[in-house]
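**Q** Quick one: this structure, given as structure tokens, is what I'll be asking you about.
The values are calculated or read from the model by the stated rules, or taken from the named source; none is laboratory data. Nothing here was measured: the structure is a model prediction, and the numbers come from that model. Using ideal geometry, Cβ is built from the backbone for each residue, glycine included, and neighbour counts are taken over all protein chains shown.
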Amino acid sequence: MGKTFLKWAGGKRWFVNREYQRFPEAYNRYIEPFLGGGAVYFYLEPHEAILSDINSELINTYIAVRDDIELVYRNLRKHARNHSREYFYQVRDRNTRTMATSAARMIYLNKSCFNGIYRVNKQGKFNVPYGTTEEIIFDHDNFVKISKVLHNAQILCQDFELTIDMAQEGDFIFCDPPYAVINEERRFVGYNADVFSWQDQIRLANALTRAKNRNVKIIMTNVAHANVRTLYENAEGFTFDTLQRQCFISGSSDGRKAYQELIVSANI
């Protein structure tokens, strides 16, 4: 399939298009601890998966799309009919009561907000402004296909370390953490109210090292910062590669410069 239904900061559609040959041909379960837009999952369509994220709104959206797509889509059609700048802000400020209406709200805001960014303030409220799209269209057939693919997945709202520790020999972890590291203050990191800290990077490296030692297949993408690389060089068995790519998240041209991305692999 390869088609996601959410646009996500740091999304991996570009990785799927350019680097698909890196994925292992055979593995048991697919495991992704930072789900985001799920580009790799929808490309691979694995027969069994564990998908997780700490963002409860995101995870609830995936569960609703998997388990109640027709009700979600009914709400999406309503949003599409009423779409306007004024309506966008009404929906953005609105509280929802069910998983289906919450999922439709998130998908609609993601589709119609500026740059498709998910960002919340310190109170956990979505605060991205209106975009420039005058007409919103949601493809029913595509959502039905997405729902079917998600039926192969266990979808969990939990910390990445718990998810990585679930991986067993022969499983495949694809890991794409938020890029919050030293000297990267200007890069977009507002995935959730809590920023991914340097201590989290250390916890991640330790969890992936344990998984490597259990013969789990691993691909991790991260910013190619020397301090990040050192975390994995200290553990034997990881291989490294770097790629140059463009950042399109920033609102200014200065923030959209090319940067180096680090690819860390094990047991592939």
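**Q** Just the residues that are of a type in the set (A, V, I, L, M, F, W, C), in contact with a Pro (Cβ under 9 Å, 6 or more places away or on another chain) and modelled with pLDDT of 85 or more, please, taken from the range 188-226.
**A** Those that are of a type in the set (A, V, I, L, M, F, W, C), in contact with a Pro (Cβ under 9 Å, 6 or more places away or on another chain) and modelled with pLDDT of 85 or more: Leu204, Ala207, Ile219, Met220.
**Q** Would you confirm whether any residue within the range 27-37 is buried (at least 18 other Cβ atoms within 10 Å of the Cβ) and modelled with pLDDT under 95? Give the steps one after another, and end with the answer.
**A** Initial filter on the range 27-37 (buried (at least 18 other Cβ atoms within 10 Å of the Cβ)): 27, 29-37.
Filter once more, so that each one left must be modelled with pLDDT under 95: 36-37.
Yes, the range 27-37 contains at least one residue that is buried (at least 18 other Cβ atoms within 10 Å of the Cβ) and modelled with pLDDT under 95.
**Q** When only residues in the range 68-105 that are in contact (Cβ under 8 Å) with a residue 60 or more places away in the chain and buried (at least 16 other Cβ atoms within 10 Å of the Cβ) count, which is farthest from Val144 (Cα to Cα)?
**A** Filtering the range 68-105 for residues that are in contact (Cβ under 8 Å) with a residue 60 or more places away in the chain and buried (at least 16 other Cβ atoms within 10 Å of the Cβ), the one farthest from Val144 (Cα to Cα) comes out as Leu76.
**Q** Also, quick follow-up: List pairs: first in the range 241-268 and within 27 Å of Arg214 (Cβ to Cβ) and at pLDDT 65 or above, second assigned to a helix (DSSP H, G or I) and hydrophobic (A, V, I, L, M, F, W, C), Cβ under 7 Å, 6+ apart or cross-chain?
**A** These pairs meet every condition: Leu262/Val228.
**Q** Condition test on Arg229, is it out of contact with any Gly (no Cβ under 6 Å at 6 or more places or on another chain), modelled with pLDDT of 95 or more and surrounded by 14 or more Cβ atoms within 10 Å (Cβ to Cβ)?
**A** No: the conditions fail for Arg229.
**Q** Examine the range 145-157 for a residue that is more than 16 Å from the chain's Cα centre (by Cα), at pLDDT below 95 and assigned to a loop (DSSP other than H, G, I, E, B), and state whether such a residue exists.
**A** no
**Q** Which of the numbered conditions does Val120 fail, given that it passes all the others? Conditions: (1) among the hydrophobic types (A, V, I, L, M, F, W, C); (2) closer than 25 Å to Lys148 by Cβ; (3) in contact with a strand residue (DSSP E or B) (Cβ under 6 Å, 6 or more places away or on another chain).
**A** (2)
**Q** I would also like to ask the following. In the range 121-141, which residues are of a type in the set (S, T, N, Q) and more than 19 Å from the chain's Cα centre (by Cα)?
**A** Selection gives Gln123, Thr132, Thr133.
**Q** So for the range 112-126 (the condition being of a type in the set (Phe, Trp, Tyr), assigned to a loop (DSSP other than H, G, I, E, B) and either closer than 22 Å to Glu32 by Cα or modelled with pLDDT under 95 (or both)), does at least one residue qualify?
**A** Scanning the range 112-126 turns up at least one residue that is of a type in the set (Phe, Trp, Tyr), assigned to a loop (DSSP other than H, G, I, E, B) and either closer than 22 Å to Glu32 by Cα or modelled with pLDDT under 95 (or both).
**Q** Specify the residue that is nearest to Lys3 (Cα to Cα); the eligible residues are those in the range 94-109 that are modelled with pLDDT of 95 or more and of a type outside the set (A, V, I, L, M, F, W, C).
**A** So the first thing to find is which residues in the range 94-109 are modelled with pLDDT of 95 or more, and the list is 98-109.
Keeping just the survivors that are of a type outside the set (A, V, I, L, M, F, W, C) gives 98, 101-102, 105, 108.
Numbers: Thr98: 26, Thr101: 22, Ser102: 21, Arg105: 20, Tyr108: 17 Å.
Here the answer is Tyr108.
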